[in-house]
Amino acid sequence: MKKSAFLILSLFSAFSFAQEVSAERIKTVISTLASDEMKGREIGTAENDNAAQYIATLFKENNLEYCTGNSYLVPFNYKGKTVYNVCGVKKGKSDKLLGFSGHFDHIGTSSKSGDNIYNGADDDASGITTLVGISDYFKNKTPEFSMVFMAFNGEEKGMLGSKAISEDKNLDKMYTRLSALFNFEMVATESEFGKNAVFITGDEFSDLDELFNENAVNGLKIHPDPYASEKLFYRSDNVNFVKKKIIAHSISTADMSKIKHYHQVNDDVNVVNFENLTQIINNFGETLEKLSPKNFNPQYNDKVKFN
């Protein structure tokens, strides 16, 4: 009898563990994207193309469907060169979609001697790792919402990739089903609110954070943007979806009051708090399991106007 109970407990523990995304997986993804071999992933370079292909491989591993055409790679033009966003869909129980995004490009290298690679571990390999982690979490699950995962290119050159994909007519039908977009931007460090906490840009524009927090698990919380004067809501890829009247905010942990690695060569894996990032990803996954079109239908605040 004791052996049977122990076996059942062991199987349950193994099953529970299997639902979580491991820290090792998080380290592998972010370390690959932020490696010296990627040379800062500047748009238009071979390394940027390699990053897009790598993300496409991760989407394939998680059995995502193509957003359009016969590839995860969604092309657009940059200075006469074909470059790529990456997009994949997870079918859920509902046709309604939740979106998860981040940008995989960074600012490349400099001509100075010594360390001249802007690895972009936080900005924004961490965001890409987060959306990949969420797709990992749901690999063998069927969520209430369907989900779209978008890795944008060209953010550092003026949010070019998110503009291109948001204007892609082949995706218009998908966007009509998109209830909200969580754009992950710099989530590698502990926020000023402590562990297991993020902030949302432009929180005054919608009730997304309130609805999410009502369902959040294990102490995870989305806080209002403490750096409103910096207008971060307008400075990341979410804004191109806001223009389409889609609920879209950036989610971050960057402590803007003391951050020292933003667009610096020291933005490498050494700045990443892997324990915190892994916890946030798994708690996002567990919270998202609870969300459905019945309890999560965020709306814009009509009393607040966009600039």
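None of the figures in this text is laboratory data; all of them are computed from the coordinates on show. Note that this is a predicted model, so its numbers are computed, not measured. Here the Cβ is made from the backbone with ideal geometry for all residues, glycine too, and neighbour counts use every protein chain on show.
Which trypsin sites (Lys or Arg not before Pro) does segment 114-181 hold that lie in a coil by DSSP with at most 16 other beta carbons within 10 Å? Could you put the intermediate results ahead of the total?
Numbers: sites: Lys139, Lys141, Lys157, Lys163, Lys169, Lys173, Arg177; in loops: Lys139, Lys141, Arg177.
Taking segment 114-181 and a limit of 16 other Cβ atoms within 10 Å, the loop trypsin sites (Lys or Arg not before Pro) found are Lys139, Lys141, Arg177.
Let me know the shape class of the chain, please: from the alpha-carbon gyration tensor, a ≥ b ≥ c as square roots of the eigenvalues, rounded when a/c is under 1.5, otherwise prolate if a/b is greater than b/c, or oblate.
Taking the square roots of the gyration eigenvalues as a ≥ b ≥ c, the chain is rounded.
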_segment 23-290 - share of DSSP beta bridges that are antiparallel (%, nearest 5)_ = 45
_Karplus (6.51, -1.76, 1.60) ³J(HN,Hα), θ = phi - 60°, over segment 189-203, in Hz, Gly and Pro reported as x_ = 10, 6, 6, 5, 8, x, 5, 6, 9, 10, 10, 10, 7, x, 4
*Pull up all non-local amide H partners of Gly120: gap of 5 or more, or a different chain, and H-to-H distance under 5 Å with H placed in the peptide plane.*
Asp267
*asked:* Between Gly202, Gly285, Gly80, where does the largest GNM mean-square fluctuation fall for the chain, given springs only between Cα atoms within less than 10 Å?
replied: Gly80
_Set of aspartates and glutamates near Lys81 by C-alpha distance (under 19 Å), chain-local residues within fewer than 8 positions excluded_ = Glu42, Glu47, Asp49, Asp105, Glu155, Glu156, Glu167, Asp168
*What are the residues whose amide H is under 5 Å from the amide H of Glu144, where those residues sit 5 or more places off or on another chain and H is modelled from the backbone?*
Lys93
*the chain: calculated mean residue ellipticity at 222 nm from DSSP helix runs of at least 4, using -39500 (n - 2.57)*: -9500 deg cm²/dmol
*asked:* Pick from Asn215, Asn85, Asn140 the residue whose mean-square fluctuation is largest in a GNM of the chain, springs joining Cα atoms under 10 Å.
replied: Asn140
*asked:* Considering only C-alpha atoms, what is the centroid distance from segment 141-205 to segment 222-268, in Å?
replied: 11
*Which of the residue pairs Lys221/Lys245; Lys90/Lys245; Lys91/Lys260; Lys112/Lys258; Lys139/Lys294; Lys258/Lys303 have a Cα-Cα distance greater than 29 Å in the structure shown?*
Lys91/Lys260; Lys258/Lys303
*Return the loop-located trypsin sites (Lys or Arg not before Pro) in segment 251-294 (DSSP other than H, G, I, E, B) with at most 15 other Cβ atoms within 10 Å of their own Cβ; answer none if there are none.*
Lys258, Lys260, Lys294
*Between Phe182 and residues 5 or more places away or on another chain, which pairs have amide H atoms under 5 Å apart, with H built 1.01 Å from N, and which residues are they?*
Gly99, Phe100, Ser101
